[in-house]
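The values are calculated or read from the model by the stated rules, or taken from the named source; none is laboratory data. All figures in this text were calculated on a predicted structure; none of them were measured in a lab. Here the Cβ positions follow ideal geometry from the backbone for every residue, glycine too, while neighbour counts run over all protein chains shown.
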Amino acid sequence: MLAAVGMGRKCSPGFARLRRLVASADDSLVARALAAGYASQAHMNDEVRRLTGTTPVRFLEDATLTAA
């Protein structure tokens with residue numbers, strides 16, 4: 001998978017969850033985390049910080065601004 005897509009098997013699902021997190025319309029971070037497929041809000045916090053280098057709140061604010 002690394003040669004075909006440029007990322008490993010464990011990284012790809014993380015980006016898919018990140019896309020679902022942005023697409024979710026819930027106001028609550030917990031509801032967004034569960035709708036996106038994270039096991040918990042803590043799982044979401046860890047993965048978002050690892051993949052984006054920022055907090056989920058900041059990431060979602062930036063994602064909203066760039067999508068408009």
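A few points about this structure:
- Helices (runs of 4 or more DSSP H) enclosed by the chain - at least 3 residues per element that are modelled with pLDDT under 90: 2-5, 11-23, 56-67
- Contacts under 7 angstrom Cβ, first residue in the range 20-43 being touching a residue at least 12 places away in the same chain (Cβ under 8 Å), partner assigned to a loop (DSSP other than H, G, I, E, B), 6 or more apart: R20/G37; R32/S24; R32/D26; A33/S40; A35/S24; A35/D26; A36/S24
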